[in-house]
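A.B. asks: Quick one: the structure is below, questions incoming.
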Amino acid sequence: VSAAGRFAMYSANRLKLGIFGPNCSSGLAVTKVPERWSGSWRDNLALARMVDAAGIEFILPVGRWKGYGGVTDPSAETFETVTWATALLAATQQVTVFGTVHAPLIHPVYAAKMFVTADHASEGRFGLNVVCGWNQDEFDMFGTEQRGHDDRYAYGAEWLEIVMRLWTEETPFDYDGAYFHLKHAQALPKPYGGERPLIMNAGASPAGKAFAVRHADDLFTRLYSLEQAVDDVRDIHARAATLGRSINVCSTVNVVCRPTTSEAEEYYRYFADEMADWEAIDNRSGVALKHGFQSAQYEQYHADRMRQAAGYGSYPVLGDPDRVAGELAKISAIGFAGLALGFVNYLAEFPYFRDEVLPRLERLGVRNLTTGQHSQEPLAGTGIGKIAL
Amino acid sequence: VYNGNAFKLGLFALNCGSGLTQTNAPERWEATWDNNLRAVRLAEEAGLEFALPVARWHGYGGKTDTRGSALETLTWATALLAATERIAVFGTVHVALVNPIFAAKQVVTAHNVGHGRFGLNVVSGWNLSEFEMFGTEMREHDERYAFTEEWVTIVKRVWTENEPFDFDGRYFKLRGVFANPKPYDGKLPLLMSAGSSPPGRAFARRHADALFMVIDDENTIAHDIRSIRDGREGVGVFASGHLIFRKTEREAAEYYHYIVHEMGDWAMADHLLAARIAGGARSLSAERLKQLRERHLSGAGTYPLIGGVDTVVQRIKQLSEAGLDGMAIGLVNYIDEMPLIREELLPRLERLGLRRPLLAPTP
């Protein structure tokens with residue numbers, strides 16, 4: 001088996017699937033239900049091995065440094081995502097694991113070598129989700145003052161440029177930017193196998209989106225409704241095309257799959273309404289409001305509190321296996337290349353999803369393979385491709 | 001690291017290309033991930049206690065570009081911990097290059113992954129050209145320890161405190177600091193410090209569980225160890241060394257001659273010395289550094305364990321009697337040398353009571 005065959009992100013599946021947020025206690029769900037996600041290392045490891053064996057393409061963490069308070073203090077317990085990813089990569093065979101890194105909190109020379117180490121420990125399965133701005137109260141813990149909104153992306157562009165140059169350039173270089181002044185910057189080894197890690201970004205504001213389409217391989221965008229998503233996906237591809245680039249559009253969904261749709265809807269109402277931790281949800285919203293969260297669709301995001309309770313405002317996909325598979329196929333047809341999935345308890349709920357939904361996705365032609373066997377060559381234009389340097 | 005062996009052994013610098021030895025010999029260490037994983041698994045099977053990396057951001061040029069290729073130590077350690085069961089693995093962190101809040105959570109992650117087997121080697125840094133790569137100013141020698149002191153104080157508070165705290169220091173002004181989870185099983189990661197200057201030792205006295213020394217003068221080892229330990233019985237004192245040995249004295253001499261005199265990269269050894277001097281490594285005198293040219297070639301200035309196996313065993317015995325708790329050793333090749341260590345060196349140390357035999361694995 002060549003190394004390329006092991007890169008799960010490069011599977012031939014039209015719709016790549018991932019797991020979102022398991023490095024944080026409570027995962028994505030701000031709920032008091034006792035079965036909510038522990039976020040323990042043991043559960044993370046068991047989950048990663050389970051989804052790896054099932055042919056899931058990626059695992060995506062959330063970079064969190066403190067909890068949201070309330071009754072359950074969601075995300076109070078979080079693992080640092082690059083070390084977490086590296087450990088999971090060392091313990092799995094084919095899944096791609098991302099690190100989610102706030103560029104202002106770590107020096108790019110330091111970061112570049114961490115990423116390369118993770119990439120080598122996994123024969124090329126590490127991915128980088130770069131975040132340019134975040135909650136000021138978390139940055140306060142670091143003594144780091146957040147830059148003005150658009151400035152964050154200028155900083156992020158320098159940061160990423162340095163990382164990329166360290167990954168590719170064979171001779172030492174000086175760098176004189178607005179934010180970084182480096183002498184004889186150099187790094188060995190280079191990323192694994194003459195390729196480089198995938199770059200993901202979730203910029204949502206105009207400046208954020210511009211950054212993402214210019215620099216990222218995958219753009220995570222919020223999925224509000226299938227109708228609106230058609231325009232959003234078209235818009236992102238058009239923006240990328242003006243730069244002569246192509247980009248994979250991805251999103252996050254919150255999955256509740258049960259034998260019947262009414263059971264699924266009932267559980268959603270239970271954990272995301274009746275048992276929602278509203279205080280923590282308000283804290284999270286408050287943080288965003290106070291500190292200038294500039295997502296263009298902020299009002300829409302804020303309007304649906306239940307979605308926030310269920311999964312960071314992720315699009316809910318609820319129902320019996322037929323309905324869940326059908327919804328995912330619809331999202332795929334809109335042009336989404338990948339979806340990161342949230343579950344209230346990933347370990348408890350993933351087996352049912354694997355056994356019932358994945359085969360249906362195969363039958364719907366959205367995914368070819370669910371057994372962890374992947375073609376060695378990426379299919380052109382079908383999602384996340386191999387990145388040649 | 002917490003087993004009962006009187007003299008503990010670990011692998012040193014295997015995350016860096018060529019390890020500690022500046023040689024052009026073709027069998028010199030290639031620090032690929034696969035080689036690292038294999039070496040650490042072999043070390044674990046042989047019962048060695050730990051693996052200790054060197055934090056290096058660039059090589060030293062020259063023909064072999066010693067340590068030009070280096071894996072970042074925290075991620076390296078975390079991956080190794082995920083792939084092993086018993087061995088302790090350290091991360092070596094330049095405190096000036098990473099925010100303590102970031103590092104504290106990385107360490108906790110590694111510590112949880114390894115079920116408590118992670119250790120943190122805190123270094124202030126001495127290599128000016130590496131700091132320039134970061135655009136980070138290198139502070140005056142004594143001030144580095146004041147900075148390190150704050151850094152470690154913050155990290156320890158993050159690991160232990162159950163309420164958010166503010167920190168108003170000279171170098172860090174932090175608000176609402178808090179992090180969970182805490183280190184694994186309520187125990188803090190082992191903190192190692194290699195500071196040997198007076199401020200370095202003063203720092204280590206306050207914070208470190210294990211002290212890492214460069215053996216500067218063979219004749220005063222016992223005194224130096226006593227002085228470093230400074231009466232604290234629970235604190236481990238370790239040294240860096242390099243092991244170039246064979247079963248007989250003659251074989252060892254031939255092998256050493258081949259590695260050092262035939263294949264040695266003297267330009268590299270000189271380069272390494274020059275870099276040390278540029279960084280103002282005040283704990284070693286400039287005069288002493290010059291004398292150490294050959295030792296920088298054979299093992300980057302670390303203590304030489306060179307000779308036939310019986311000579312090496314005697315040296316280890318003397319080090320142990322002088323009060324040393326263990327050594328982190330560089331090898332020309334960390335995989336190729338392991339069988340000889342396992343079959344010839346370890347049994348002799350066991351017979352002397354310096355180490356206990358591993359129990360045979362149950363079938």
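A.B. asks: Among bridges DSSP assigns within chain B, what percent are antiparallel (round to 5)?
C.D. replies: Looking only at bridges with both residues in chain B, the antiparallel portion is about 10 percent.
A.B. asks: Please compute, over every Cα-Cα pair in the protein assembly as shown, the percentage with a separation greater than 42 angstrom.
C.D. replies: 30
A.B. asks: What longest range of chain B stays clear of loop-exposed GluC sites (Glu not before Pro) (DSSP non-H/G/I/E/B, at most 16 other C-beta within 10 angstrom)?
C.D. replies: The answer is B:234-363.
A.B. asks: Starting at 0 and stepping by 10 Å, how many percent of the alpha carbon pairs of the range B:290-338 end up in each bin?
C.D. replies: Taking every Cα pair in the range B:290-338, the percentages come to 23, 48, 28, 1.
A.B. asks: A follow-up question, please. Hey, if you put +1 on the Cβ of every Lys and Arg and -1 on every Asp and Glu Cβ in the range A:109-188, which of A:P172, A:L182, A:T117 ends up farthest toward the positive end of that dipole?
C.D. replies: Positive-most Cα among the choices belongs to A:T117.
A.B. asks: To the nearest 0.05, what FRET efficiency results for A:T242 and A:A333 with a Förster distance of 30 Å applied to their C-beta separation?
C.D. replies: 0.75
A.B. asks: Averaged over peptide B:172-184, how many Cβ atoms belonging to another chain are found within 10 Å of each residue's Cβ?
C.D. replies: Going residue by residue through B:172-184 and averaging, the value is 5.
A.B. asks: Further question on the same structure: List every residue whose amide H lies under 5 Å from the amide H of A:V317, counting only residues 5 or more places away in sequence or on a different chain, with H placed 1.01 Å from N in the peptide plane.
C.D. replies: So A:V317 has HN proximity to A:N254, A:V255, A:V256.
A.B. asks: Now for a separate question. Which value in nm describes the separation of the simple spin-label points at B:R351 and A:E227, placed 7 Å from the Cα toward the beta carbon?
C.D. replies: About 8.6 nm, to one decimal.
A.B. asks: Under the Kirkwood approximation for Rh and a Cα-based Rg, what ratio Rg/Rh is obtained for chain B?
C.D. replies: 0.95
A.B. asks: If you average the alpha carbon positions of the range A:308-322 and of the range A:79-120, how far apart do those two centres end up, in angstrom?
C.D. replies: Answer, in whole Å: 28.
A.B. asks: Another question about this same structure. Roughly how far apart, in whole Å, are the Cα centres of the range B:291-350 and the range B:224-244?
C.D. replies: Here the answer is 16 Å between Cα centres.
A.B. asks: Next question. Quantify how much of the Cα-Cα distance distribution of chain A extends past 32 Å, in percent.
C.D. replies: Percentage above 32 Å: 28.
A.B. asks: Still on this structure, I have one more. First check a/c for the range A:91-185, with a ≥ b ≥ c the square roots of the eigenvalues of its C-alpha gyration tensor; if it is under 1.5, answer rounded, and if not, answer prolate when a/b is larger than b/c or oblate otherwise.
C.D. replies: oblate
A.B. asks: Based on the Kirkwood radius over alpha-carbon pairs, what is the Stokes-Einstein translational diffusion coefficient of the range B:139-215 at 20 °C with 1.002 mPa s viscosity, in µm²/s?
C.D. replies: In µm²/s, the coefficient rounds to 157.
A.B. asks: Between B and A, buried accessible area summed over both sides at probe 1.4 Å, in Å² to the nearest 100?
C.D. replies: Counting protein atoms only, the buried area is about 3800 Å².
A.B. asks: About its Cα centre, how strong a charge dipole does chain A have in debye, to the nearest 20, once Lys and Arg get +1 and Asp and Glu get -1 at the Cβ?
C.D. replies: 720
A.B. asks: Still on this structure, I have one more. Just grab the label-to-label distance for A:R42 and B:E143, each label 7 Å out from Cα along the Cβ direction, in nm (one decimal).
C.D. replies: In this crude label model, A:R42 to B:E143 measures out at 4.9 nm.
A.B. asks: Something else: Near the amide H of B:M213, under 5 Å away, which other amide H atoms are found, from residues 5 or more places off or on another chain, if H is placed in the peptide plane?
C.D. replies: B:F238, B:A239, B:S240
A.B. asks: Explain nothing, just the number: relative contact order of chain B, from Cα pairs under 8 Å at least 6 residues apart, as a whole percent.
C.D. replies: Reported as a whole number, the value is 23 percent.
A.B. asks: Treating only the Cβ of Lys, Arg, Asp and Glu as charged (+1, +1, -1, -1), what charge dipole size does the protein assembly as shown show about its Cα centre? Round to the nearest 20 debye.
C.D. replies: Once rounded to the nearest 20, the dipole reads 600 debye.
A.B. asks: Choose one of B:T21, B:L48, B:N5: the residue whose Cα lies farthest towards the positive end of the charge dipole of the range B:1-62 (beta-carbon charges +1 Lys, Arg; -1 Asp, Glu; about the Cα centre).
C.D. replies: Farthest towards the positive end: B:T21.
A.B. asks: Skipping prolines and chain starts, which residues have an amide H placed within reach, meaning under 5 Å, of the one on A:N368, given they are 5 or more residues away or on another chain?
C.D. replies: Residues meeting the criterion, in which the H sits 1.01 Å from N, are A:N13, A:R14.
A.B. asks: Calculate the FRET efficiency for B:R206 and B:A253 from the Cβ-Cβ distance with a Förster distance of 45 Å, rounded to the nearest 0.05.
C.D. replies: Computed FRET efficiency for B:R206 and B:A253: 0.50.
A.B. asks: If you don't mind, another one. If you take every DSSP beta bridge fully contained in the protein assembly as shown, what fraction is antiparallel? Give it as a percent rounded to 5.
C.D. replies: Restricted to the protein assembly as shown, the bridges split so that about 15 percent are antiparallel.
A.B. asks: For B:F165 and A:E279, what is the calculated FRET efficiency with R₀ set at 30 Å and r taken between the beta-carbons, to the nearest 0.05?
C.D. replies: The calculated FRET efficiency here is 0.85.
A.B. asks: Taking the Cα centre of the range A:231-290 as the origin and placing charges on Cβ (Lys, Arg +1; Asp, Glu -1), which of A:V253, A:A241, A:I281 is farthest toward the positive end of the dipole?
C.D. replies: Looking along the dipole axis, the top candidate is A:A241.
A.B. asks: Mean residue ellipticity at 222 nm from the helices of chain A, using -39,500 (n - 2.57) per DSSP H segment of n ≥ 4 over the full residue count, to the nearest 500 deg cm²/dmol?
C.D. replies: Calculated at 222 nm, the ellipticity per residue is -12000 deg cm²/dmol.
A.B. asks: Also: Lys and Arg at +1, Asp and Glu at -1: add these up for the other residues within a Cβ distance under 14 Å of A:V249 and post the number.
C.D. replies: +2
A.B. asks: Let me check the size of the range A:1-112 from its C-alpha atoms; what are the radius of gyration and Dmax in Å?
C.D. replies: For the range A:1-112, the Cα-based Rg and Dmax read 15.0, 49 Å.
A.B. asks: Pairs of alpha-carbon atoms within less than 8 angstrom and 6+ residues apart define the contacts here; what relative contact order does the range B:65-224 have, in percent?
C.D. replies: Rounded, it is 21 percent for the range B:65-224.
A.B. asks: Apply the a/c threshold of 1.5 to the C-alpha gyration tensor of the range B:94-185 and tell me whether it is rounded, prolate or oblate.
C.D. replies: Since a/c reaches 1.5 but b/c is at least a/b, the shape of the range B:94-185 is classed as oblate.
A.B. asks: Whenever you get a sec, compute what percent of the accessible area on chain A sits on carbon and sulfur atoms (1.4 Å probe).
C.D. replies: On chain A, the fraction of accessible area on carbon and sulfur atoms equals 51 percent.
A.B. asks: Can you give me the distance in nm between label points at B:V235 and B:A222, each placed 7 Å from the Cα along the Cα-to-Cβ direction?
C.D. replies: 2.1
A.B. asks: Follow-up. Cross-link partners among aspartates and glutamates for B:K173, C-alpha distance below 19 Å, same-chain residues fewer than 8 apart left out?
C.D. replies: Output for B:K173: A:D137, A:E138, A:D140, A:E145, B:E137, B:E143, B:E149, B:E150, B:E161, B:E163.
A.B. asks: For all pairs of alpha-carbon atoms in the range A:132-282, what percent lies in each bin of width 10 Å, listed from the first bin to the last filled one?
C.D. replies: 9, 24, 30, 23, 10, 3, 0
A.B. asks: Let me ask something additional. Within 10 Å, count the other beta carbons around each residue, average over each peptide in A:54-61, B:313-320, and list them highest first.
C.D. replies: A:54-61, B:313-320
The values are calculated or read from the model by the stated rules, or taken from the named source; none is laboratory data. Everything quoted here is computed from the prediction, not taken from an experiment. A quick note on method: Cβ atoms are made from the backbone with ideal geometry, for glycine too, and the neighbour counts reach across all protein chains shown. Just so you know, the surface numbers come from the protein's heavy atoms only, side chains and all, with ligands and any DNA or RNA stripped out. Shrake-Rupley method; radii C 1.70, N 1.55, O 1.52, S 1.80 Å.
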